[in-house]
Amino acid sequence: MGSYDYPRYDYVRPEALNANAPERHPVVIVGAGPVGLSAAADFALRGVETVVLDDDDTVSLGSRAICWSKRTLEIFDRLGAGERMLDTGVLWKLGRIFHGEDELYNFDMLPEPGHRMPAFVNLQQYYTEEYLVDRVNELGRTEIRWKNKVIGVSMLEDGGAKLEVETPDGRYMIEADYVLAADGVRSEIRRQMGLDFKGKVFEDRFLIADIQMKADFPSERWFWFEPPFHKGQSVLLHRQADNVFRVDFQLPSSVDPDEEKKPENVIPRLKAMFGPEVAFDLEWVSVYTFTCRRMERFRHGPVFFVGDSAHVVSPFGARGGNGGVQDTDNLVWKMCLVMQGAAPDRLLDTYDDERLPATDENLLNSTRSTDFLTPKSQASLDFRQAVLALAKRHDFARRLVNSGRLSLPHTYVDTPLSTPDVDGFSGTMQPGSPAADAPVAFDGKAGWLLNALDGDFTLMVFADAVGREIVASLAGGSPSVRTLLVSTQSGELEDGRVVVDVDGLARERYDAEPGTVYLIRPDQHVAARWRQIDLNKLQAALSRATATGAASTARHAVGG
């Protein structure tokens with residue numbers, strides 16, 4: 001299929017087939033897609049061994065998820081796979097909106113400089129999975145079992161879970177303290193547990209066509225409302241790696257999806273769009289239905305649902321794969337702290353506290369996109385046409401145009417893990433927000449602030465010096481807290497790290513004054529901030545961020 005050479009991974013007969021009793025592991029991950037593999041890499045970096053079970057022996061067929069957002073790329077970079085994705089993928093930040101033949105306006109997803117990661121990278125899912133498999137194998141703490149299909153799940157009296165696994169050589173049982181269900185929208189684990197999605201399934205459909213062709217389209221997102229080559233509908237165009245282009249055609253709800261996927265029906269649409277003389281090869285075709293649904297809860301005892309097994313949104317806006325990777329970014333550090341005895345089990349309940357609202361935000365934006373793209377009434381259609389007519393000349397109308405609100409990271413506003421602000425701050429780095437990147441220098445070399453944060457709790461101090469007693473009080477604690485000094489000059493810090501804010505962008509983005517401190521979580525979200533350090537306040541914030549204080553109580557209804 002196309003130019004990509006799909007890897008085949010060796011099936012190895014599991015030793016468990018010969019065992020008299022089920023083997024036991026701390027963590028079993030079901031599904032070797034981008035979400036499951038991201039979790040495996042994160043666990044490995046934190047020193048936790050895992051077993052990954054996947055029912056196939058290769059990466060995903062077809063490009064599938066292609067638009068990886070800045071925040072997800074920052075996570076991939078922390079996991080050690082980001083550089084390779086940047087090298088292969090198509091970097092972009094500009095989007096263009098057309099109505100008919102006219103360009104209404106364009107928008108920049110990352111207008112400011114000084115970030116390591118771009119707004120988006122377009123990279124086919126098969127590349128993403130291949131690079132994550134390589135990274136997981138490189139880290140060496142993960143056993144990926146290909147052609148191992150989970151066909152049953154049950155809860156154990158000791159709080160763990162037991163899985164029944166089918167292989168080409170027979171079946172075996174495997175037990176785990178925790179199970180991450182990353183087995184996709186048709187999750188067998190979810191089905192076996194009698195759980196389901198709640199939300200909306202729309203009648204609207206889009207046809208995806210991936211084609212390989214040589215063309216001079218820029219690396220931008222182009223979206224047409226009612227183009228002349230696809231009258232009355234909408235079309236989206238993205239460039240991917242290897243001269244592959246993704247085209248999404250809106251379809252009437254009455255069409256037969258199987259008929260629309262046939263090459264004899266797809267190719268005329270493409271020729272009408274690009275011209276009859278343009279040569280291309282058809283790589284992959286699919287039809288999807290707009291869906292905005294999620295489980296009522298993502299944690300069920302020792303089983304945690306992540307990615308598409310937990311929630312499914314329409315592709316417009318790139319929230320599926322990005323949301324799933326951000327699920328694991330939220331969960332893995334918490335699970336590791338609990339397994340280390342540095343946090344109570346109730347810390348794991350905050351996975352629901354934080355990721356349910358994040359999912360609801362994605363569902364809401366996806367539903368709004370669907371309503372704008374496919375008006376359900378004459379009044380809705382009239383509204384859309386009026387907005388599009390005004391958008392070419394007026395900024396206020398452009399804010400109402402919705403061609404698929406693009407994925408942005410969620411700020412955990414109501415999380416029980418954050419310490420509310422008491423000092424005066426401005427800007428966007430409030431507790432619960434993902435930490436902003438900035439260019440810095442350390443060890444005499446140019447670098448980036450997020451790379452200096454790594455994956456631990458970090459006390460980030462904006463000053464040219466920090467007292468040794470502060471550093472000593474943080475060293476050797478449980479959980480461990482690293483100290484990062486963001487300085488205007490180079491220096492050394494015992495048991496910590498010094499970076500130089502070379503352009504002042506770190507101070508600007510964090511609204512920092514001399515002495516300002518931030519407590520950053522292992523997933524690089526802000527936990528607390530103060531104008532001056534106070535060890536008692538720090539300890540209280542750390543207790544809150546690890547749920548060693550009051551128990552989490554938030555529960556959320558299905559939104560969207």
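The values are calculated or read from the model by the stated rules, or taken from the named source; none is laboratory data. Keep in mind that this is a model prediction, so the values were computed, not measured. Cβ coordinates were reconstructed from backbone atoms using ideal geometry, including for glycine residues, and neighbour counts include every protein chain displayed.
Does any residue of segment 415-422 turn out to be surrounded by fewer than 20 Cβ atoms within 10 Å (Cβ to Cβ), assigned to a loop (DSSP other than H, G, I, E, B) and either of a type in the set (A, V, I, L, M) or without any contact (Cβ under 8 Å) to a residue 60 or more places away in the chain (or both)?
Among the residues of segment 415-422, at least one is surrounded by fewer than 20 Cβ atoms within 10 Å (Cβ to Cβ), assigned to a loop (DSSP other than H, G, I, E, B) and either of a type in the set (A, V, I, L, M) or without any contact (Cβ under 8 Å) to a residue 60 or more places away in the chain (or both), which makes the answer yes.
Could you look through segment 84-109, keep only residues that are touching a helix residue (DSSP H, G or I) at 6+ places or on another chain (Cβ under 7 Å) and without any contact (Cβ under 8 Å) to a residue 60 or more places away in the chain, and pick out the one that is surrounded by the most Cβ atoms within 10 Å (Cβ to Cβ)?
Met85
When segment 299-338 is examined, which residues are found to be part of a loop (DSSP other than H, G, I, E, B) and either in contact with a Lys or Arg (Cβ under 6 Å, 6 or more places away or on another chain) or not assigned by TED's automatic domain parsing to the domain that holds Gly194 (or both)?
Correct list: Val313, Gly317.
Identify all residues within segment 128-180 that are basic (Lys, Arg), part of a strand (DSSP E or B) and under 25 Å from Leu348 (Cα atoms); write none if there are none.
Lys162 - this is the single residue of segment 128-180 that is basic (Lys, Arg), part of a strand (DSSP E or B) and under 25 Å from Leu348 (Cα atoms).
Being of a type in the set (Asp, Glu), in a loop (DSSP other than H, G, I, E, B), more than 26 Å from Arg319 (Cα to Cα) and outside the structural domain of Gly323 (by TED's automatic domain parsing) narrows it down to one of Glu277, Glu259, so name that one. Steps first, answer last, please.
On the way: Glu259 fails: in a loop (DSSP other than H, G, I, E, B).
On inspection, the qualifying residue turns out to be Glu277.
Condition first: crowded, with 21+ Cβ neighbours inside 10 Å and under 16 Å from Arg399 (Cα atoms). Now tell me which residues in segment 338-369 satisfy that.
The answer is Asn365, Ser366, Ser369.
Scan segment 337-354 and report the pairs whose first residue is closer than 15 Å to Tyr178 by Cβ and whose second residue is basic (Lys, Arg), with Cβ atoms within less than 6 Å and a gap of 6+ or a chain change.
That search, which allows pairs on different chains as well, returns Leu347/Lys334; Leu348/Lys334; Tyr351/Arg299; Asp352/Arg297; Asp352/Arg299.
Criterion first (touching a Lys or Arg at 6+ places or on another chain (Cβ under 8 Å), modelled with pLDDT of 95 or more and not in a loop (DSSP other than H, G, I, E, B)) does Val201 satisfy it?
Criteria not met by Val201.
Give the residue that is nearest to Pro431 (Cα to Cα), with candidates limited to residues of segment 462-473 that are among the hydrophobic types (A, V, I, L, M, F, W, C) and in contact with a helix residue (DSSP H, G or I) (Cβ under 8 Å, 6 or more places away or on another chain). Steps first, please.
Taking segment 462-473 first, the residues among the hydrophobic types (A, V, I, L, M, F, W, C) are 462-463, 465-466, 470-472.
So of that shortlist, the ones also in contact with a helix residue (DSSP H, G or I) (Cβ under 8 Å, 6 or more places away or on another chain) come out as 462, 470.
Numbers: Phe462: 17, Ile470: 22 Å.
Filtering first and then ranking leaves Phe462.
How many residues, within segment 188-234, are within 20 Å of Pro263 (Cα to Cα) and touching a Ser or Thr at 6+ places or on another chain (Cβ under 6 Å)?
3
Name the pairs whose Cβ atoms lie under 7 Å apart, with the first residue in segment 262-278 and closer than 12 Å to Leu207 by Cα, the second charged (D, E, K, R) and assigned to a helix (DSSP H, G or I), and 6 or more positions between them or separate chains?
As it stands, the answer is Asn265/Glu259, since those pairs meet every condition given.
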